[in-house]
1. Cβ neighbours within 10 Å, averaged per peptide: list 162-171, 144-153 in order, most packed at the top.
2. To the nearest whole percent, what portion of all C-alpha pairs in segment 131-176 is separated by more than 16 angstrom?
3. For segment 65-172, what's the relative contact order in percent, using C-alpha pairs closer than 8 Å and at least 6 residues apart?
4. Where a ≥ b ≥ c are the square roots of the eigenvalues of the C-alpha gyration tensor, would you call segment 65-172 rounded, which needs a/c under 1.5, or, failing that, prolate if a/b is larger than b/c, or oblate?
5. Once you have the Cα-Cα distance between residue 7 and residue 158, take 0.36 nm times their residue separation minus that, and quote the gain in nm to one decimal.
């Protein structure tokens, strides 16, 4: 029989040699080992007869960069901004900009936001003629479906608020 102090020493050595995970129950790692997906990994399948709460977008998400460019140009020709530029619209657009866009595009829309500075290429400067001369529908499409380096916001910003954002981008940064 091993004496009590020696038994404690053996127990300490065994515990040091066997990692703590070896002593856990086999199902203790279920959460760690489960299959998981990020929201961007797959599309949720829709039932054909379902209608999203906010209604359907006029243009479905593009499948590749070529379709993105074509659809953006098409949206510029066909989508008309239903929200007139008013102080209320600009105020709502400012709220949306500060919530969703400022971190990348910066306060003055120069692509120098605290997060945007880390990207290569840096975010678009919103006061450039390239942005300001685009039709409202084209900007709406870019906000909705993203661009080559910009993520999409169709699920984060309601369609009406995207139009307010277009008014803000053109009304405020177009004057700078």
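1. Ranked by mean Cβ neighbours within 10 Å, highest first: 162-171, 144-153.
2. 33 percent
3. Value for segment 65-172: 37 percent.
4. Taking the square roots of the gyration eigenvalues as a ≥ b ≥ c, segment 65-172 is oblate.
5. This chain segment gains 47.6 nm when fully extended.
Laboratory data are not the source of any read-out in this text; all were calculated from the coordinates shown. Being a predicted model, the structure only gives us computed values, none of them experimental. All Cβ positions, even for glycine, are placed from backbone atoms using ideal geometry, and neighbour counts span all protein chains on display.
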